[in-house]
Amino acid sequence: MIKEDRRGSVCVIEIDRPRRRNALDHATVAAMRVRFMALDSDPDVAAVVLSGTPPGFCAGSDLKELATLDRDGMAEHEAETAAFARALSFMSKPVVAAVSGFALGGGFILAASCDVVISEAATRWHLPEVTNGWIPPWGLTVLSARCGPVAARRLTWGARPIDGLEAVRLGVADTLAEHALDAAMAEAEALAKLPAEAVASTKRFFARQIMGAGEADDMEANRLFAEDCRGAAATATFQRFGMRA
């Protein structure tokens with residue numbers, strides 16, 4: 001589900017479910033949460049890079065797993081993913097996302113939840129949830145922090161995907177690179193050389209501004225998600241993917 005590669009004081013965590021387009025099932029989210037919390041207390045690790053095995057970064061929630069759940073189960077699953085993504089802001093170690101191929105749905109928001117986001121120009125960024133009939137169930141606070149509420153609203157509607165160039169212009173991603181992982185490693189290594197205490201203090205100070213209301217906002221988004229799932233468009237989506245209607 002995930003791979004780990006230590007490169008000096010930087011640890012690379014790679015989502016490794018290529019047959020499922022690196023989608024986030026329960027086991028993968030649980031494994032990442034355990035590993036990231038362990039890395040945060042590891043004195044030999046100063047920074048973390050999060051990436052995905054080709055063909056892309058992450059396609060969001062695993063619809064095959066969600067198909068086995070009722071609406072309450074889906075809401076609970078998304079709440080667990082939300083808790084992991086929020087926790088990234090409260091780690092003491094910086095987390096750099098290396099995004100290539102695609103970042104879709106929860107994968108889009110997971111990348112945006114990292115401290116620094118490196119994107120390749122051709123990366124396809126898209127939030128398809130509204131098209132499917134529901135609001136994204138978590139992460140809209142950090143999206144608003146990155147690009148402002150007006151741009152975040154337009155991205156959340158997801159009428160069209162954007163590429164890496166537009167993601168950087170809007171603030172969803174921070175830097176463009178020809179090879180996202182190499183650039184993310186360079187960024188992480190630069191951060192790893194800084195005094196660890198000051199890096200942690202900086203993260204702690206800004207976490208409240210970026211994610212202060214994140215938990216409450218995620219709870220509200222999750223509630224709206226569950227309500228939306230009763231609508232006609234959502235029901236049609238469930239049926240298309242073989243989910244419970």
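The values are calculated or read from the model by the stated rules, or taken from the named source; none is laboratory data. Given the structure is predicted, the values throughout are model-derived calculations rather than measurements. Neighbour counts are summed over all protein chains in view; Cβ atoms, including those assigned to glycine, are modelled from backbone coordinates with ideal geometry. Each accessible area value is taken on the protein alone, full model and side chains, heavy atoms only, with ligands, DNA and RNA left out. Shrake-Rupley method; radii C 1.70, N 1.55, O 1.52, S 1.80 Å.
Can you confirm whether H77 is over 17 Å from A98 (Cα atoms), of a type outside the set (A, V, I, L, M) and surrounded by 20 or more Cβ atoms within 10 Å (Cβ to Cβ)? Yes; evaluated as a whole, the condition is true for this residue. Look at (1) more than 20 Å from A186 (Cα to Cα); (2) open to solvent by less than 20 Å² (accessible area, probe 1.4 Å); (3) touching a residue at least 60 places away in the same chain (Cβ under 8 Å); (4) part of a helix (DSSP H, G or I) and you find that T28 fails only one, number (3). Restricting region 162-179 to residues that are surrounded by 18 or more Cβ atoms within 10 Å (Cβ to Cβ) and of a type in the set (G, A, S), the residue that is farthest from the chain's Cα centre (by Cα) is A177. Against the conditions (1) of a type in the set (G, A, S); (2) in contact (Cβ under 8 Å) with a residue 24 or more places away in the chain; (3) touching a strand residue (DSSP E or B) at 6+ places or on another chain (Cβ under 9 Å), G171 satisfies every one except (3).
Every residue in region 181-230 that is in a loop (DSSP other than H, G, I, E, B) and open to solvent by less than 70 Å² (accessible area, probe 1.4 Å), please. Break it down into steps so the answer makes sense when it comes.
Of all residues in region 181-230, those in a loop (DSSP other than H, G, I, E, B) come to 193-195, 212-213, 229-230.
Answer for region 181-230, where residues must be in a loop (DSSP other than H, G, I, E, B) and open to solvent by less than 70 Å² (accessible area, probe 1.4 Å): G212, A213, C229.
Whenever a residue of region 179-197 is in contact (Cβ under 8 Å) with a residue 24 or more places away in the chain and closer than 10 Å to V49 by Cβ, its partners that are of a type in the set (D, E) and surrounded by 13 or more Cβ atoms within 10 Å (Cβ to Cβ), lying with C-beta atoms within less than 7 angstrom and at least six residues away or across chains, give the pairs A180/E120. Residues in region 80-103 that are open to solvent by 20 Å² or more (accessible area, probe 1.4 Å) and under 23 Å from E166 (Cβ atoms): 2 in all.
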